[in-house]
Amino acid sequence: MNGGSEETLATGVLGEGRHDPGTPPAGLRRAPAGVDGLTTEHLIINMGPQHPSTHGVLRVLVEVDGEEVVAAEVSVGYLHRGIEKLAEYRRYDAVGTLLDRGDYISGMMAELAFALATEQLMDVEVPRKAHWLRSLASEINRITSHLIWYGTFGLDAGGMGQFLYGMRDREALLDILEALSGSRMMFNYIRPGGVLADMPTGLDAKIRAFLGTFDQYLDEHDQLLGGNEIFQARVKGVGVIDRSTALAFGLTGSNLRGAGVDFDVRKARPYAAYPELDFEVPLGTNGDAWDRYNVRMAEMRQSARMIGQLIDGMPEGPHMAKVPRIIRPRAGEVYASVESTRGETGIHLVSDGTEHPYRMHYRGPSLFAAQALEEILPGHLIADVVVIIGSTDVMLGEIDR
Amino acid sequence: MAIERLTGEHSMLFVRSEQLFDLARRHSLWYLSFGIACCAIEGLMSTSGPRFDFDRMGVFPRSSPRQVDVMIVAGTVNKKMAETVKRLYDQMPEPKWVIAMGSCASTGGPFREYPNVVLGVDKIVPVDVYVPGCPPRPESVQYAFIQLQKKIAKRTEERLAARNG
Ligand code: SF4
């Protein structure tokens, strides 16, 4: 730990010389730089960490032969800030604050995974209402996250309008989340034992009003971006992640379902209120960027459907089980996972019976998608690189932790 | 003000060129669209979205550091990233300003105890406005821009006073 030591430029915050962003890492030049009169010399292009289309601080080094990518290397770590390590110094009800900042546009899911893991070591009966509120919060959060993806994916492909429309709907949902949890983005709402607060009066009407127009808006969104011929030309057949590649890289979420593999943690290992909800898992066929687009758009529809069911059937009762003020789970090792916006988000928790976790591992699905990029980028044109990165919907906070 | 008098056909306005340029600068603060972490969603995306719409203040994102006046450091800067932040700052043309958005950019925030995190971006680049919050609401960022505009106005006055005095 820092121990309050103040570092200045003079003492070397920048770590001069230790890491030079100008030099490509050894091992990138996998393809030969052929100069035989017919082929041009390969060029290495550095993309990121400051790039408007890398969705954060992803850095990709692409080696190009003319316009074509022949090799790619993904470099991560520009946002590493020790979420796993710091969790060992937080109490159980405060770890959620760190996890919110992992996958920061869908914080509810990581909180839920942590709560589920802790509850396995606590022998606590989570009230039925808490389960429903957890699902409700997760689904609302899933739509907000998908709307950001929708807006920025369009930006990557060269559109602007869809971003504004997507953000409009997202703001409406953020108001709902704020009423529910008190914050627009960093919730710490789902705690071990239940949820922080009950639904405020009148919120169900607000959610219903939102749902009343959302399906129509969603059709509009789909028309605006997916109905655009230029967009279709840029995503169809681009960035194919086929079944075997997806499985080999351990992809989950829409990236896996786009390839036609039917795996959704909400169905495979049901948690919260999902066993009682009626929803479908949309699947793609080829695993190209267009399939992933369609899967995510369909997922938003399903989420809206689930929110409707959750509001209608919201049970009565307490929203929090009786848990001690300072949670001390029994010693043990557990794993719990949820279907987050990007795939299976899991928490591997080791407890030694004290008030702090002994070790917490955060399994984020984006890291696997980022690794797969090295495999799928070669063979595409430079212009496709941003579209492919956008279509995998990677989240840097979760990759670097 | 009698704006008609100023915009009339034969009207003339005498102003120092630096006053005029600073006036223009103040109302077209283009920022670098450079999101590092969570704060980028609130500080760069929501703000350019339809509800908060910073465009109406002349605040507009550009992707290249060569075209911007302001850098919003929106997120946790770690030691690997610090070099890039410094390099981007160096690439911006003068005059330039920096807004440290969020507790992370101001002090290290919730990750302060972690040795890899730079304890405030003012360790590597000079900061003009600090915005507290984790993440600050878009309204706070708006306020930060208003403060920055005031700061620029003050700069003009001070320079004029120094010249005249
Ligand atoms: S201040 Fe909070 S919201 Fe902003 S980057 Fe740091 S942790 Fe994220």
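The values are calculated or read from the model by the stated rules, or taken from the named source; none is laboratory data. Not measured: the values here are computed from a predicted model. Neighbour counts run over all protein chains shown; Cβ positions are idealised from the backbone, glycine included. Areas reflect the complete protein model, heavy atoms only, side chains present, ligands, DNA and RNA absent. Shrake-Rupley method; radii C 1.70, N 1.55, O 1.52, S 1.80 Å.
Please pick out the residue among A:E220, A:E139 that is out of contact with any Lys or Arg (no Cβ under 8 Å at 6 or more places or on another chain), in contact (Cβ under 8 Å) with a residue 60 or more places away in the chain and in the same structural domain as A:I389 (by TED's automatic domain parsing). Walk me through it before giving the result.
Details: A:E220 fails: in contact (Cβ under 8 Å) with a residue 60 or more places away in the chain.
Only one candidate qualifies: A:E139.
Within the range A:145-155, how many residues are within 12 Å of chain B (Cβ to nearest Cβ) and touching a helix residue (DSSP H, G or I) at 6+ places or on another chain (Cβ under 7 Å)? Before the answer, list the steps.
Start the filter on the range A:145-155 by keeping residues that are within 12 Å of chain B (Cβ to nearest Cβ), which leaves A:145, A:147-149, A:151-152, A:155.
Those left that are additionally touching a helix residue (DSSP H, G or I) at 6+ places or on another chain (Cβ under 7 Å): A:147-149, A:151-152, A:155.
Total satisfying the criteria: 6.
For residues that are farther than 20 Å from B:M45 by Cβ and open to solvent by 30 Å² or more (accessible area, probe 1.4 Å), tally how many sit in the range A:173-219.
21
Which one of these does A:A94 not meet: (1) within 14 Å of chain B (Cβ to nearest Cβ); (2) of a type in the set (A, V, I, L, M); (3) farther than 28 Å from B:P65 by Cβ; (4) open to solvent by less than 10 Å² (accessible area, probe 1.4 Å)?
(4)
From the list A:V323, A:V334, A:V386, A:V350, which one is free of Cβ contacts under 8 Å to residues at least 24 places away in the same chain and among the aliphatic types (A, V, I, L, M)?
Of the residues listed, the single one that is free of Cβ contacts under 8 Å to residues at least 24 places away in the same chain and among the aliphatic types (A, V, I, L, M) is A:V350.
Just to verify a result, which residue in the range B:37-53, among those that are within 16 Å of the ligand (Cβ to nearest atom) and out of contact with any strand residue (DSSP E or B) (no Cβ under 6 Å at 6 or more places or on another chain), is most open to solvent (accessible area, probe 1.4 Å)?
Residues of the range B:37-53 that are within 16 Å of the ligand (Cβ to nearest atom), as a first pass: B:37-47.
From what's left, out of contact with any strand residue (DSSP E or B) (no Cβ under 6 Å at 6 or more places or on another chain): B:37-38, B:41-42, B:45-47.
Details: B:A37: 1, B:C38: 13, B:I41: 12, B:E42: 2, B:M45: 33, B:S46: 1, B:T47: 1 Å².
Residue satisfying both the conditions and the ranking: B:M45.
Can you pull out the residues in the range A:46-80 that are farther than 27 Å from A:G151 by Cβ, of a type in the set (G, A, S) and assigned to a strand (DSSP E or B)?
If the condition is that a residue be farther than 27 Å from A:G151 by Cβ, of a type in the set (G, A, S) and assigned to a strand (DSSP E or B), then A:A71 is the only one that fits.
Given the criterion in contact (Cβ under 8 Å) with a residue 40 or more places away in the chain, open to solvent by 10 Å² or more (accessible area, probe 1.4 Å), more than 16 Å from the ligand (Cβ to nearest atom) and of a type in the set (D, E, K, R), identify the matching residue among B:R25, B:R56, B:R66. If you could, list the steps in order and put the result at the bottom.
On the way: B:R56 fails: in contact (Cβ under 8 Å) with a residue 40 or more places away in the chain; B:R66 fails: in contact (Cβ under 8 Å) with a residue 40 or more places away in the chain.
Every option except B:R25 fails the conditions.
Does the range A:328-347 include one or more residues that are over 16 Å from the mean Cα position of the chain (by Cα) and among the polar types (S, T, N, Q)?
Taking the range A:328-347 as the starting set, the residues that turn out to be over 16 Å from the mean Cα position of the chain (by Cα) are A:328-336.
Add one more test, that the residue is among the polar types (S, T, N, Q), and what stays is none.
No, the conditions are met nowhere in the range A:328-347.
Could you tell me whether the range A:107-115 includes any residue that is at pLDDT below 90, open to solvent by 10 Å² or more (accessible area, probe 1.4 Å) and assigned by TED's automatic domain parsing to the domain that holds A:R330?
No, the range A:107-115 has no match at all.
Quick grid of which residues meet (1) within 14 Å of the ligand (Cβ to nearest atom); (2) within 10 Å of chain A (Cβ to nearest Cβ); (3) in contact with a His (Cβ under 6 Å, 6 or more places away or on another chain); (4) farther than 21 Å from B:W30 by Cβ:
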site: B:S103; (1), (2), (3), (4): yes, no, no, yes
site: B:D128; (1), (2), (3), (4): no, no, no, no
site: B:P135; (1), (2), (3), (4): yes, yes, no, yes
site: B:L160; (1), (2), (3), (4): no, no, no, yes
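Mind counting the residues in the range B:85-115 that are open to solvent by less than 40 Å² (accessible area, probe 1.4 Å) and closer than 30 Å to A:E88 by Cα?
Pass one, the range B:85-115, residues open to solvent by less than 40 Å² (accessible area, probe 1.4 Å): B:85, B:88-89, B:92, B:95-106, B:108-111, B:114.
From what's left, closer than 30 Å to A:E88 by Cα: B:85, B:100-106, B:108-111, B:114.
Total satisfying the criteria: 13.
Find all pairs meeting these conditions: Cβ atoms under 8 angstrom apart; at least six residues apart or on different chains; first residue within the range B:116-140 and within 29 Å of B:E94 (Cβ to Cβ) and open to solvent by 20 Å² or more (accessible area, probe 1.4 Å); second residue more than 11 Å from the ligand (Cβ to nearest atom) and basic (K, R).
Close Cβ pairs satisfying both conditions: B:D128/B:K151.
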